[in-house]
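Before anything else, here's the structure in question.
The values are calculated or read from the model by the stated rules, or taken from the named source; none is laboratory data. These figures come from a predicted structure and were not determined experimentally. Note that each Cβ is placed from the backbone with ideal geometry, even for glycine, and that neighbours are counted across all protein chains shown. When the accessible area is computed, the model is the full protein with side chains, heavy atoms only, and any ligands, DNA or RNA have been set aside. Shrake-Rupley method; radii C 1.70, N 1.55, O 1.52, S 1.80 Å.
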Amino acid sequence: MSVPSETIPYARAARNARVRRSPTDGTPAARYTAVAVLIVGSIVFVYPFLWMIATALRTRAGVSSGGITLWPVQWQWSNFSSGLNSFPFWRYFRNSLLSTLVPVVAVVYSSSLVGFAFARIRARGSNMLFGIVLATLLLPQEVTIVPQFVLFKNLDMMNTLWPIILPTFFGSAFFIFLFRQFYLRLPESLTDAAILDGAGWFRIWWSVYLPLSRPILIATAVLQFMSYWNNFFQAAIYITDDKWKTLPLALAGFQSVNGTNTPLLMATTVVVTLPCVLIFFFAQRHIIGGISFSGNK
């Protein structure tokens, strides 16, 4: 059977698309070059963290004589215990844990619910409202912190964790956008079938969409955890009482309490940074999968 001549260019293009190679499938020289560039870039990014660990294991004299080397001459493991015992670490750890885990749950819950509403509930003006939500991303935090400060001051919430926790119950514009795009990629037939079964919108979100949202839920939780665990700006604005200080705020005053004891400072910083490193290491696959999910099963 003859093939129409007008279909030949399309067939050739389809065949070329199937055999198209990725950039790393080229010559060996190209692959080695790509690997070398990745190794150099990785070293540049990981070196400060490795230097911090090396400094945490040095003596005070070894810091000045070590330079940029990453191998301590004298291993001072006692820096970790001395650093943690030099200030009320566990009190600050409790405050950081409370001001991080509650916002994680609040942001995941509220952003998922709002993102589902924007993705599946058709209402007049919803696109304009979603545009307004996205427009808030253009406002830097330094602009919104002033009215928030006045609000929480009038509510008599200064020197508490409430100014850090309460705003997260209203969601995050960035995560609302991520959830909306995620839900738009899911088949709309899921909604139609649930409506035919008599489910309301909240039931559809809770019973149908939320169980399918594991990748984006984990990605949102990890990103929110890392953001609030390292949250220094808001804590410095609202908290001056030592009772409610978080770990980033406490580390800022660590230098003044312990002078220029760099090994103790680095040892404490390693302990504070470790949760974020471990969580990101174990959840990086879910973060990439949640953001790049196509909705196809």
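I need the calculated FRET efficiency for the pair Leu155 and Thr27, taking r as the beta carbon distance and R₀ as 51 Å, to the nearest 0.05.
The pair Leu155/Thr27 has a calculated efficiency of 0.20.
How large is the accessible surface of Tyr47 in square angstrom, using a 1.4 angstrom probe and rounding to the nearest 10?
70 Å²
Next up: Calculated FRET efficiency, Ile43 and Asp241, Cβ-Cβ r, R0 35 Å, to nearest 0.05?
Numbers: r = 42 Å, r/R0 = 1.20.
It comes out at approximately 0.25.
Please give the calculated 222 nm ellipticity per residue for the chain, where each DSSP H segment of at least 4 residues contributes -39500 (n - 2.57) and the sum is spread over every residue; nearest 500 deg cm²/dmol? Show your work: numbers first, answer last.
On the way: 15 runs with 203 residues, N = 297.
Taken over the chain, the calculation gives -22000 deg cm²/dmol.
For Arg185, Arg285, what's the largest-to-smallest order of accessible area, 1.4 Å probe? Can you show the working numbers first?
Details: Arg185 100, Arg285 170 Å².
Order by accessible area, largest first: Arg285, Arg185.
Same structure, new question: Can you compute the modelled spin-label distance between Leu210 and Leu129, with each label point 7 Å from Cα toward Cβ, in nm?
With each label point 7 Å from Cα toward Cβ, the separation is 2.0 nm.
Now for a different question. Report the FRET efficiency, 1/(1 + (r/R0)^6), for Asp197 and Arg285, where r is their Cβ-Cβ distance and R0 is 22 Å, rounded to 0.05.
On the way: r = 34 Å, r/R0 = 1.53.
E between Asp197 and Arg285, to the nearest 0.05, is 0.05.
Let me ask something additional. Roughly to the nearest percent, how much of the accessible area of the chain is carbon and sulfur, given a 1.4 Å probe?
Ligands and nucleic acids excluded, carbon and sulfur give 68 percent.
How much length, in nm to one decimal, is gained on full extension between Tyr109 and Leu274, taken as 0.36 nm per residue of separation minus their Cα-Cα distance?
Numbers: separation 165, 0.36 × 165 = 59.40 nm, distance 2.61 nm.
The span from Tyr109 to Leu274 would gain 56.8 nm if fully extended.
Here is a further query. In Å², and per residue, what accessible area does segment 70-126 have when probed at 1.4 Å with the other protein chains present? Write out the running numbers ahead of the final one.
Values: 3200 Å² over 57 residues.
The answer is 56 Å² per residue.
Continuing with the same structure: Apply the membrane-span-like helix rule to the chain: whole DSSP H runs, Cα extent along the own long axis of at least 24 Å, mean Kyte-Doolittle hydropathy at least -1.0. List the helices found. Mind dumping the intermediate values first?
On the way: long enough: 28-56 (41 Å, 1.61); 89-120 (46 Å, 0.93); 262-291 (39 Å, 1.61).
Span-like helices here: 28-56, 89-120, 262-291.
May I ask for the distance between the Cα centers of segment 132-157 and segment 168-195, given as a whole number of Å?
Computed from Cα coordinates, the inter-centre distance equals 25 Å.
For Arg91 and Glu188 in the same chain, what is the full-extension length gain: residue separation times 0.36 nm, less their Cα-Cα distance, in nm? Could you put the intermediate results ahead of the total?
On the way: separation 97, 0.36 × 97 = 34.92 nm, distance 4.80 nm.
30.1 nm is the gain from fully extending Arg91 to Glu188.
Order the following by accessible area, largest value first: Ile279, Ile176, Ile43. Probe radius 1.4 Å; ligands, DNA and RNA are ignored. Walk me through the intermediate numbers first.
Working: Ile279 60, Ile176 10, Ile43 95 Å².
The residues order as Ile43, Ile279, Ile176, largest area first.
How far apart, in nm, are two points set 7 Å out from the Cα along the Cα-to-Cβ line at Ala252 and at Arg60?
2.6 nm
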